[in-house]
1. How large is ³J(HN,Hα) for each residue in the range 244-261, as worked out from phi by the Karplus curve 6.51 cos²θ - 1.76 cosθ + 1.60 (θ = phi - 60°), to whole Hz, x for Gly and Pro?
2. Sorted from largest down, what three extents in whole angstroms do the Cα atoms of the chain have along their principal axes?
3. Need one number: convex hull volume per residue for the range 163-259, Cα atoms only, in Å³.
4. Please report the net charge: other residues with Cβ closer than 14 Å to the Cβ of Lys13, K and R +1, D and E -1.
5. When DSSP beta bridges are limited to those with both residues in the chain, what percentage is antiparallel, rounded to the nearest 5?
6. If packing is taken as the average count of other Cβ atoms within 10 Å, what order do 63-71, 239-247, 92-100 fall into, highest mean first?
7. Name the residues whose placed amide hydrogens come within less than 5 Å of the amide hydrogen of Asp229, ignoring near sequence neighbours (fewer than 5 apart) on the same chain.
8. How large is the convex hull of the C-alpha atoms of the range 129-178 per residue, in Å³?
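Bear in mind that the values in this text are calculations on the coordinates, not laboratory data. Being a predicted model, the structure only gives us computed values, none of them experimental. When we count neighbours, we look across all protein chains shown, and the Cβ atoms used for this are built from the backbone with ideal geometry, even at glycine.
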Amino acid sequence: MPPSFDRTFRNKKLVFLDLDGTVYMGDTLIPGAQDFLHYLREHGIRAYFLSNNSSRSKREYAAKLTGLGIPASEDDVLLSTDGVIAWLQARGVADIYAVGTRSMLEMMEQAGLRVDAADPAFVVLGFDRELTYAKLQKAALYLQRGVELLATHPDLVCPTPDGPIPDVGAMLALFEKATGKTAKLIFGKPNVEMVSHILGRHGASPAEAVMIGDRLYTDMELARRLGCDSILVLSGEAKAEDLKDLSWEPSLVAENLGAILIR
Ligand SMILES: [Mg+2]
């Protein structure tokens with residue numbers, strides 16, 4: 001493990017935290033999470049909570065965190081939807097056809113996007129737990145007419161207490177079978193669009209940011225692509241033995257959030 005990572009976070013401005021498996025597991029807080037977030041706040045380091053799940057609203061995540069004893073506002077939550085919005089806005093695109101939940105569509109409309117435009121520049125696919133055949137049909141017909149496809153995140157399935165359920169990646173497979181079209185861009189972790197606009201907002205360099213998470217191919221891969229420090233926590237999906245297969249190493253590996261700080 002590179003010895004260079006400073007566990008006081010002295011040189012950091014931003015900490016990006018995955019949620020499930022990192023801050024909480026289902027409805028239970030991970031040991032040390034509260035203390036760790038408290039330490040960051042005390043030292044003026046801004047924490048953002050990241051989720052690829054584009055079906056839920058920022059309000060829901062902020063309420064869940066606050067209820068678990070980690071006070072958070074909507075501004076502290078970054079969803080895969082944010083990256084798509086920032087990317088479209090940077091290109092001056094307002095007209096899209098979005099397949100997503102009411103929560104996702106509202107977030108896009110608030111950002112000035114027309115989510116059911118007459119002549120959309122892109123079809124944007126989110127995790128739509130309110131999906132109907134009419135939406136599938138409309139999106140497929142646009143794709144066949146040459147409209148390009150964007151997806152909020154790549155996950156094939158979404159874990160639930162009852163087992164995995166189809167997520168955006170599985171819907172992309174459906175559209176590819178039906179129309180031959182693949183996504184031009186897939187946002188969400190590990191795509192750096194998920195956080196690059198936040199670095200810009202805070203005037204921070206990748207060296208001043210840390211990504212903390214429990215998944216190698218999303219959380220740690222995002223850090224690798226961004227060129228920021230990475231902390232793998234073993235409180236969720238990844239196990240210590242999974243590191244053997246990696247051609248690179250996270251900056252730090254810790255049992256959980258409570259084991260990161262040196263006091
Ligand atoms: Mg996770």
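1. Rounded to whole hertz, the list is 4, 7, 8, 8, 9, 10, x, 5, 8, 10, 9, 4, 6, 4, x, 9, 8, 6.
2. Answer, in whole Å and largest first: 58, 35, 34 Å.
3. Per residue, the Cα convex hull of the range 163-259 comes to 143 Å³.
4. +2
5. 15
6. Highest-to-lowest ranking by the protection proxy: 92-100, 63-71, 239-247.
7. Ala209, Met211
8. Value for the range 129-178: 83 Å³ per residue.
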